[in-house]
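No lab work stands behind these numbers, since they all come straight from the coordinates. Just so it is clear, the model here is predicted, and its values are computed rather than measured. A quick note on method: Cβ atoms are made from the backbone with ideal geometry, for glycine too, and the neighbour counts reach across all protein chains shown.
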Amino acid sequence: MVPEKRDGRRSPGDAVPEAIHTRLTEMFDLRYPIIGAPMFLVSYEELAIAVSEAGGLGTLPLPNYREIAELKNALSAIRRSTDRPIGVNIHLSGKFPWKKQLTACLDAGVGFFITSLGDPRLIISDVHASGGKVFPDVVDLRQGIKSREGGADGLVAVGAGAGGHGGNIPIPVLVPYLIEKTGLPVVAAGGISTGRQMAAALALGACGVIVGTRLIATPEARARSAYKASVIASGPEDIVFSDRITGNKANWIRESVDRVAQSPDLGSKKWLDIWSAGQSVAQVEAITPAGEIIREMARTCRETCAALQRAMG
């Protein structure tokens, strides 16, 4: 059975932490520089709303919505529930109707776009014309420079240990490297599930963080119960970095990869049975409401920074 924590109602000790100010929060009028990762078959309206309402930036991966009507309904549902900023991850590989998806998102007032698997220049002019920002995800300096030259507003540095597709350069190396060489604001993604890890990323110069793996184990995530339980039960040594699943290097829970490898060809259903997660499963211990996670991270980040300041005299 999956360990449960209390529901989304706040306890007396769950007070709202003070705001944290960075370039990311200034760009999007956020309380905290925390982005909920756009996770395939996990991040839908409920999770995006919960993260944004808690003071972060909730996002959706557009491949979750195979029909434009479904996407429009999802965006409308979000807007009926919150007026806080939201973002999307748009795939530009050509496998999805990104032009129609882009139009639907801009019409709904989406202002933050993470681009993947394609040239961000395809959308930058239209997004900028609507007052939005584009942050391509990158795994190395070559991609970062190409994104800057294409007019990107910032970068998502996907480091080693990140859930889903990623690179093999650790965040403590990748983030300051990209900042120094490109001059763009950089969001850190990979191995960040706690406020202490968030404080470390901010100390590296990141303007914000993306949290994914820890948000899988929430009531708002649409991941299967067995998937959530596996995230809780796994340690970082249980994560495998492999290109066997999609042809691109990505992190997966070894248990699910091994189980499917021993099964008959599942076709399209394999995406329900092969589970993506990052090495920060190490910090996931129970099912916890997404809003509580965001507030806890912000509170612990501030406490960590204050403790370091005291240590410095």
Report task. Among the listed pairs Lys72/Lys99; Lys72/Lys228; Lys100/Lys249; Lys133/Lys181, give every one whose C-alpha distance is greater than 22 Å. Result -> Lys72/Lys228; Lys100/Lys249
Requested in this report: For region 15-76, restrict the atom set to alpha-carbon positions and state the Rg and Dmax in Å.
Outcome: 13.1, 40
Query - Unit charges at the beta carbon, dipole of region 1-158: most positive-side option, Val42, Ser130, Gly118 - result: Gly118
Query raised in the report: Can you pull the percent of Cα pairs in region 183-313 with separation above 18 Å?
Result: 59
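Per 0.36 nm of contour for each residue apart, how much would the distance between Ala69 and Glu237 grow if the chain were fully extended, relative to their Cα-Cα spacing? Please list the in-between numbers first.
Numbers: separation 168, 0.36 × 168 = 60.48 nm, distance 4.08 nm.
Length gained between Ala69 and Glu237: 56.4 nm.
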Query raised in the report: Could you give me the ³J(HN,Hα) list for region 147-158, computed from phi with Karplus coefficients 6.51, -1.76, 1.60 and θ = phi - 60°, whole Hz, x at Gly and Pro?
Result: 5, 4, 5, x, x, 4, 8, x, 10, 9, 7, 8
Query raised in the report: Which FRET efficiency value, to the nearest 0.05, do you get for Arg310 and Gln283 by plugging their Cβ-Cβ distance into 1/(1 + (r/R0)^6) with R0 = 35 Å?
Result: 0.90
Query raised in the report: Using alpha-carbon pairs under 8 Å, 6+ residues apart, how would you state the relative contact order of the chain in percent?
Result: 20
Query raised in the report: If R0 is 30 Å, what FRET efficiency do you get for Ala15 and Thr246 from their C-beta distance, rounded to 0.05?
Result: 0.10
Query - Selected from Ala203, Ala282, Ala223 as most flexible by GNM, with the chain as the system and alpha-carbon contacts under 10 Å - result: Ala203
Query raised in the report: Mind listing the Cα extents of region 217-261 along all three principal axes, in Å, largest one first?
Result: 31, 20, 17
Requested in this report: Please express the Cα-Cα pair-distance distribution P(r) of the chain as a list of whole percents, one per 10 Å bin, running from 0 to the bin with the greatest distance.
Outcome: 6, 28, 38, 23, 4, 0, 0
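Taking the Cα centre of region 1-155 as origin, sum charge times position over the Cβ atoms of Lys and Arg (+1) and Asp and Glu (-1), and report the length of that vector in debye to the nearest 20. Working shown, then result.
Numbers: 19 positive and 19 negative charges, 40 e Å.
For region 1-155, the charge dipole is close to 200 debye.
Before anything else, pin down the relative contact order of region 120-191: Cα pairs under 8 Å, at least 6 apart, normalised by residue count, whole percent. Could you put the intermediate results ahead of the total?
Working: 128 pairs, mean separation 21.8, N = 72.
So the answer I get is 30 percent.
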Report task. Would you compute, from DSSP H runs of 4+ residues alone, the mean residue ellipticity of the chain at 222 nm, taking -39500 (n - 2.57) per run and dividing by the full residue count, rounded to the nearest 500? Result -> -11500 deg cm²/dmol
Requested in this report: Give the long-range amide H neighbours of Thr59: residues separated by 5 or more places, or on another chain, with amide H under 5 Å away, using H modelled in the peptide plane at 1.01 Å from N.
Outcome: Gly36, Gly87
